[in-house]
Amino acid sequence: MHVVVLGGGYAGVAAVRRLEHLLPADVDLTLATDTPDHVLQHELHRVLRRPAVANDLVVPLTQATDRTRIRVATVDGLDRENRTVSLSSGTLAYDYCVVCLGTQTAFHGLESVRERATPVKRIRHALAIRDEFRTVLDATTGSVRIVVGGAGLSGVQVAGELAALANAWDAGERTTVTLLEQRSRVAPNLPARFGEAIASTLAETGIDVRTEATVTGADDTAVELEGDGAIPYEQLVWTGGIRGTDTMAADRPRVGPDLRLDEHTFVCGDAAQIEDTTGQLVPASAQSARRAARTAATNVARLIERDRTGTPTDTAELAQFHFTSPGWVVSVGDDAVATIGSRILTGNPAKTAKAAVSARYLLELGERRAAARLARLEVGG
Ligand SMILES: Cc1cc2nc3c(=O)[nH]c(=O)nc-3n(C[C@H](O)[C@H](O)[C@H](O)COP(=O)(O)OP(=O)(O)OC[C@H]3O[C@@H](n4cnc5c(N)ncnc54)[C@H](O)[C@@H]3O)c2cc1C
């Protein structure tokens, strides 16, 4: 039998690690993904200010996994009927597949924004944003306005890092970072009190936060807002949404708590809109991606066990995903905001929480030195 996992992000790595543990040794396990490394996307914003951090955000997949066969290739298509995956370098047949391809940045049909804005999905994007900022600063002695579109987990942290980078380059006085959010508050998919605390910290950092601001387009000098408003900019960054990958025809299929797309295919992580046992949609995030992937892996292992023992299909008991979050934490430049249970933390306790989350994750993947360096950076600001 052959189990194939697509995508080597948080969900894909968590899925193969759980499958390595659960599957009988004679079941083949392949991870097909487009880079040989797992990238800690949730820390990408740190690369804006400290490019060297990028080295600590990259974990070779051969190290993060054990007996899994790593196939570095682009997934071009998924034929669920025939249970095959088309790769840039061949085809894979599968008995069970777990789709963990993540997302691409959504521009919501705003072509004028897509042409002018830099998204934040890969390390190269973070490096490009840093270079663009340096270029606009060097081109003028006057004021520089940076607009970040979208105030989710990525937008909030990118805005914070850009403001801190402006200070580090002695350009804080002449740089304005404006963070735009279409909905009525920042971090709209996360607990309301957490969003309020983030908004306060962003304001203290000097970031101009505008909610209920819907971007309708951009030209070379200004972002257009619904209702005739416009915000002039020298640099435009876009973190305004996610969509399914091209491989999934831009779709993020909606699945229930068993994470099943069909009899033989599962989907989890940001690639799916996941409704857990409460009937609520789970927020797209690294932490939910990892948890859902473990449920999907458990279900694949149960179905293989069922196939081998010949138990009728309808008696297979599948695990049901129930998302419980221990809390959330974001950095805002040299500060941080965390919510743990009903408590909101800022300052050193929040920075320590942020350091612990990333360091623990790197340690799990065997990256002791990188874990120590990242923890020092998070606590130090
Ligand atoms: C700046 C930033 C800060 C963030 N901060 C946080 C945070 O503080 N907390 C939090 O929980 N979340 C945070 N997030 C969100 C988090 O990173 C995502 O929710 C998470 O990466 C989703 O995991 P995933 O495994 O579903 O997808 P991904 O991590 O995107 O993994 C998808 C994988 O599939 C591969 N892939 C995609 N398409 C193909 C293809 N066609 N062929 C082969 N391989 C392919 C990709 O290369 C990648 O390895 C942040 C995101 C950003 C950008």
So is THR68 closer than 16 Å to GLY12 by Cα and not small (Gly, Ala, Ser) or not? yes
Could you tell me whether any residue of the range 66-80 is within 25 Å of ARG254 (Cα to Cα), open to solvent by 50 Å² or more (accessible area, probe 1.4 Å), within 12 Å of the ligand (Cβ to nearest atom) and in a strand (DSSP E or B)? yes
Out of the range 108-124, which residues are in contact with a helix residue (DSSP H, G or I) (Cβ under 9 Å, 6 or more places away or on another chain) and not hydroxyl-bearing (Ser, Thr, Tyr)? PRO119, VAL120, LYS121, ARG122, ILE123
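Residue-wise test of (1) open to solvent by less than 10 Å² (accessible area, probe 1.4 Å); (2) under 30 Å from GLU275 (Cα atoms); (3) away from the ligand (no atom under 16 Å from the Cβ); (4) β-branched (Val, Ile, Thr).
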| position | (1), (2), (3), (4) |
| --- | --- |
| PHE323 | no, yes, no, no |
| SER331 | yes, yes, no, no |
| ASP335 | no, no, no, no |
| GLY341 | no, yes, yes, no |
| GLU364 | no, yes, no, no |
| GLU367 | no, no, yes, no |
| ARG373 | no, no, yes, no |
Select from the range 122-135 the residues that are open to solvent by less than 40 Å² (accessible area, probe 1.4 Å) and within 13 Å of the ligand (Cβ to nearest atom) and list them in ascending order. ILE123, HIS125, ALA126, ILE129
Of the listed residues (ALA230, ALA222, ALA249, ALA199), the one being modelled with pLDDT of 95 or more, open to solvent by less than 30 Å² (accessible area, probe 1.4 Å) and aliphatic (A, V, I, L, M) is ALA222
Could you figure out which of (1) closer than 28 Å to GLU226 by Cβ; (2) open to solvent by less than 20 Å² (accessible area, probe 1.4 Å) isn't true of PHE107? (2)
Can you name the residue in the range 19-40 that is buried (at least 21 other Cβ atoms within 10 Å of the Cβ) and within 14 Å of the ligand (Cβ to nearest atom) and is also nearest to the chain's Cα centre (by Cα) among such residues? LEU40
Which residues, taken from the range 98-112, are more than 21 Å from the chain's Cα centre (by Cα) and in contact (Cβ under 8 Å) with a residue 40 or more places away in the chain? LEU110, SER112
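The values are calculated or read from the model by the stated rules, or taken from the named source; none is laboratory data. This one's a predicted model, so the numbers in the text were calculated from it and none came from an experiment. A quick note on method: Cβ atoms are made from the backbone with ideal geometry, for glycine too, and the neighbour counts reach across all protein chains shown. SASA here: full protein model, heavy atoms, side chains in, ligands and nucleic acids out. Shrake-Rupley method; radii C 1.70, N 1.55, O 1.52, S 1.80 Å.
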